[in-house]
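Please read the structure below before turning to the comments.
Read the figures in this text as sums done on the coordinates, not as results from a lab. All of these numbers come straight from a predicted model, not from anything done at the bench. Please note: Cβ atoms are built from the backbone with ideal geometry, for glycine as well, and neighbour counts cover all protein chains shown.
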Amino acid sequence: MLTVVRQHRSAMPDSDAEPETWMLVKGAPDVLFPACSNVTHPDGTVTRLDPATRARLLALQEKWASEGQRVLALCRRSLDGVKLNMERMSANDVEELMYAELQELTLVGFVGIRDPPRSDVADAITIIRRAGVRVFMVTGDFKLTALAIARQVGIITQEKVDSISDMRASAAAKRFLTAAPPEIKPSDDDEFRALVLTGDDLETLESEEWNMVVGHYTEIVFARTTPEQKLRIVEHVKARGDNTVAVTGDGVNDAPALKASDIGVAMGSGSDVAKEAASMILLNNDLSSIVVAIEMGRLVFDNLKKVIIYLMPAGTYTEFMTVFANVFLGMQLALSSYLQVCFSITNDVVMSISLMYEKPEADLMLRKPRNARTDRLD
């Protein structure tokens, strides 16, 4: 059984050939380690998990995680002393039993899973960042794993990555928190570029500290987050400054954040719940499609402005002046109604179509994003 809240999975095999019943557990080492009391050695012997062995295993987990591997701990526990009646136990009864017996586990070993990102992801993120879009990673992975993957794809480019304690200890942070609330915009100060926060860190952040996170950091990784925390991140970023927030996701746990964002982007291979909550679906599951969407969106907006700027003086005012002169000054109409219609079709419609198909400007993907609240067609 696996839930979003519990980062582990348990099973209780019952074999006719082996009268002994075992509960097998796999999950995140940092979640299962507190429940482990014993460790299995390569020769099959089991001993108590002493502090030295625990420290060595934690160091191994951190080493693998820093290489971008997802690390799972495999554990077991004998249930011979527990009265079981599997035929009469419901699924809820089994789950409650697992919760109650999730202690005194024996660590069997670690499994490192390497799932490298697609080669085109880094290029897509580089183009998106060049277009002035900040890219944050929000994941349920272990902090070191998330940070390593973020470096691989270019979300984190700085050598120094702040933690929540670094942010709070900074003198500049203290000045920021005590100053009058500014307009929240990302800073170009290299001292505040990269930050990594865990789900536990998010639970301790005050409103003023959220100002610091959103306003001063351009590279952020949120690790070990729950669906509720993902939703909270979206709400805090939207509430500060003039940010337009887009969220990508494919799972059921991403649905609340997808729904709350300005632009929810779901993968075509994702769950039905995620696709229902999203406003855009990537049928090819390719992040580079977002680059095309940004470029086409900016191009359409630019060309629409060109059409409006052309039509206002070329169409509306010129035709209005002839009617005004005829009604109020008694002058004869320069064109008949039929010729007015012909003139509008050739001069307005045809020329507008040519503007609609204008190619993108050379600096289209080098501009800062427009302010959706102030930079409108009107």
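For the reader, a short list of remarks on this structure follows.
- Using θ = phi - 60° and Karplus 6.51 cos²θ - 1.76 cosθ + 1.60, couplings along the range 219-228 (whole Hz; Gly, Pro as x): 10, 9, 10, 9, 10, 6, 9, 9, x, 5
- The chain: angle of helix 318-328 to the longest principal axis, Cα-based, in degrees nearest 10: 50 degrees
- Here's how it looks for Ile220: its modeled amide H is under 5 Å from those of Met137, Leu195, which are all 5 or more places away or on a different chain.
- In straight-distance terms, cross-link reach from Lys305 covers every one of the aspartates and glutamates whose alpha-carbon lies under 16 Å from its own, apart from those fewer than eight places away in the same chain; here that gives Glu295, Asp348, Glu358, Glu361, Asp375, Asp378.
- Neighbour-limited loop hits for chymotrypsin sites (Phe, Trp or Tyr not before Pro), the range 316-378 (at most 12 other Cβ within 10 Å; DSSP other than H, G, I, E, B): Tyr357
- Above-threshold pairs, the threshold being 21 Å between Cα atoms, out of Lys238/Lys259; Lys26/Lys259; Lys306/Lys368; Lys63/Lys143: Lys26/Lys259
- The chain: angle of helix 91-100 to the longest principal axis, Cα-based, in degrees nearest 10: 70 degrees
- Positive-pole candidate from Ala194, Leu102, Leu74, dipole of the chain, charges at beta carbon: Ala194
- Only Lys, Arg (+1) and Asp, Glu (-1) charged, at Cβ; the range 32-153 dipole about Cα centre in debye: 640 debye
- Once C-alpha pairs closer than 8 Å and six or more residues apart are averaged by separation and normalised to the residue number of the chain, the relative contact order reads 12 percent.
- Among (1) 58, 25, 18; (2) 30, 28, 19; (3) 118, 28, 22, the entry derived from the coordinates for semi-axes √(5λ) of the Cα gyration tensor in Å: (1)
- Residues whose placed amide H lies under 5 Å from that of Arg118, excluding near-sequence neighbours: none
- Calculated from backbone phi, Karplus (6.51, -1.76, 1.60) coupling profile of the range 291-304 in Hz, x at Gly/Pro: 4, 5, 5, 5, 5, 5, x, 5, 5, 4, 5, 4, 5, 5
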